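Worksheet: one structure, shown below.
The values are calculated or read from the model by the stated rules, or taken from the named source; none is laboratory data. What you are looking at is a predicted structure, and each value in this text was computed from that prediction instead of being measured. As a convention, Cβ positions derive from the backbone with ideal geometry for all residues, glycine included, and neighbour counts pool all protein chains shown. Surface areas here come from the heavy atoms of the whole protein model, side chains and all, with no ligands, DNA or RNA. Shrake-Rupley method; radii C 1.70, N 1.55, O 1.52, S 1.80 Å.
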Amino acid sequence: MPPADTGASTGTHRVDASASMPTTPNSSRPATASTASTASNANDASPASPASNASPASKQMSPGHPGYVRMRLALFTSGLATFALLYSTQALLPAISDDLRVQADQASWSVSAATFGLALAVVPLSALSERFGRRAMMTGSLTVAVLLALLVPFAPDLGWLIGLRAVQGVALAGIPASAMAYLSEEVHPKALIGAIGLFVAGNSVGGMSGRILTGWVADAWGWRAALAAVGAMALLCAVAFRLLLPKARNFTPAAVSPRALARTLAGHLSDPLLCRLYAIGALFMTVFGGVYTVIGYRLVAEPFGLSQSLIGSIFLIYLVGTVSSAATGKLVGRLGRRGALYVAVSTTAAGLLLSLLNSIPAVLAGLVLITAGFFAGHAAASSAVSRTAKTGRAQAAALYQASYYIGSSVGGALGALAFHAAGWGGTVTMGLVAVGGAAAITVYATRKAQAERRAEAARRDLVGAPA
């Protein structure tokens, strides 16, 4: 494994050259510049690896610049709308199941379809933003996603709901595919971290507030009204985004080379270090997606019997992830990346086991541990991607985002299927298998690193031995 990175993330998406999502939401470091002007890196500008085109500092925004505050507010609103829409049905799954008379594993696809659509589209849209511009890509993506959000409440059946959500996920991929690149080009490097931080905060707040809003509205007027409320909120955000975001002053269109992009992606996918990081991110997100997709079904049933509004409020626990991901940098600095991953694995597994108890305090404590462990694992893995990738960092980070959201889709679907077959215990078992996979990869990496150190020590001894 590469040397430990002391970066941290806030929420589901990261702030440095590997920013994602995550996110969590919200996910939560200094940006790494890439050279977009070279032919080999013509597509190297994704959400995660801001491409700095060496713009003159006088043309870049910084505190005191007339457009700086507008730009920060615009990116905040785009992040808020993106993640409110992406997970808008997650807190509503029990109500959707009851109304449409479908099982949990079927209703869960209204979440998984959106995240899977985003996973498929994030890489190609990151490349297209090189040709058509970051501002145009974000505006178009947000407009299409909002229009779809206004149609989603009228879906006549589950098939239409899933289809509309899948297309909405594809549209939303254009936001993270362009936002970080826009910031790196238009904001002075000294002010970049603060600007990125507010965008990531929008991700976190959107992911949390969307779920809470839908829970409270659904209690009074039903799940369709709840989705309409999220759509209305996203529409206001889209209007504010378009009015506030300054025009790009430093963007230069670049030709998109599918062959060059394919070569870069193939190179990353053949790198065992990167593949391990992608797998760890996907496995942690499998746990997280499965737990939060199914938890509403567990809490609405006996012995808990919570209302839809209280279930939506459970997502306030996401704030734990913000703290956890921000603290991961110090944890990595003290224990190394693999040490931080061991802590994340142990914390997540402990939370899964604790959530098995039929006690509200125990379930909430379990969710706190699962959330803290997930965000710590996500931050430790995602912060290593740009350090591991020597070229094409944007594509490397986009692949991490794709694997991350594929993990969310798979986790939501498998978690709901396991719940339908064996109750909450089945979902916990699925989560333990996934977190066990992340632990196994980390153990393998630890042993490989130890073997390499021993081989290097033996080589030095041999070179230094007298003839």
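Please state the shape class of the stretch 236-380: rounded when a/c is under 1.5, otherwise prolate if a/b exceeds b/c and oblate if not, all from the C-alpha gyration tensor. Oblate, since a/c reaches 1.5 and b/c is not below a/b. In terms of its C-alpha gyration tensor, the stretch 222-322 has an oblate overall shape, because the principal axis ratio a/c (a ≥ b ≥ c, square roots of the eigenvalues) is not below 1.5 and a/b does not outweigh b/c.
So if R0 is 51 Å, what FRET efficiency would Leu243 and Gln103 give, r being the distance between their Cβ atoms, rounded to the nearest 0.05? Please report the intermediate quantities before stating the final value.
Values: r = 44 Å, r/R0 = 0.85.
FRET efficiency, Leu243 to Gln103: 0.70.
Here the extension length gained between Leu310 and Val433 equals 41.3 nm, from 0.36 nm per residue of separation less the Cα-Cα distance. I need the calculated FRET efficiency for the pair Ala451 and Leu356, taking r as the beta carbon distance and R₀ as 35 Å, to the nearest 0.05. For Ala451 and Leu356, the calculated efficiency is 0.40. For the stretch 280-292, the Karplus equation 6.51 cos²θ - 1.76 cosθ + 1.60, evaluated at θ = phi - 60°, returns couplings of 5, x, 5, 5, 4, 5, 4, 4, 5, x, x, 5, 7 Hz by residue, with Gly and Pro reported as x.
What number results when the radius of gyration of the stretch 137-193, computed over Cα atoms, is divided by 2.2 N^0.38 Å? Walk me through the intermediate numbers first.
Values: Rg = 15.3 Å, N = 57, 2.2 N^0.38 = 10.2 Å.
That ratio works out to 1.50.
Write out the trypsin sites (Lys or Arg not before Pro) in the stretch 237-278 meeting two conditions: DSSP loop, and at most 10 other Cβ atoms within 10 Å of their Cβ.
Values: sites: Arg242, Lys247, Arg249, Arg259, Arg263, Arg276; in loops: Lys247, Arg249.
Hits after loop and neighbour filter: Lys247.
Annotation: amide H-H contacts under 5 Å for Val187 (H modelled 1.01 Å from N, sequence separation of 5 or more, or interchain): Met61.
For Gly174, the shell of other residues with beta-carbons less than 12 Å away shows a net charge of +2, using +1 for Lys and Arg and -1 for Asp and Glu. Its Cα gyration tensor gives the stretch 334-467 an equivalent ellipsoid; the semi-axes, largest first and in whole Å, are 37, 19, 13.
How big is the Kirkwood radius of the stretch 237-283, worked out from every pair of different alpha carbons and given in Å to one decimal? Write out the running numbers ahead of the final one.
Values: mean 1/r = 0.0691 Å⁻¹.
Averaging 1/r across every pair of different Cα atoms and inverting gives 14.5 Å.
Rolling a 1.4 Å probe across all protein chains gives Val332 an accessible area of roughly 0 Å².
Please report the carbon-and-sulfur percent of the accessible area for the stretch 224-337; probe 1.4 Å, protein heavy atoms only, DNA, RNA and ligands left out. Before the final figure, lay out the partial values.
On the way: 3320 of 4860 Å².
The nonpolar share, carbon plus sulfur, comes to 68 percent.
Are there any chymotrypsin sites (Phe, Trp or Tyr not before Pro) in the stretch 306-403 that are in a DSSP loop and have at most 11 other Cβ atoms within 10 Å? List them by number.
Details: sites: Phe315, Tyr318, Tyr342, Phe374, Phe375, Tyr400; in loops: none.
In loop regions of the stretch 306-403 (DSSP not H, G, I, E or B), there are no sparsely surrounded chymotrypsin sites (Phe, Trp or Tyr not before Pro).
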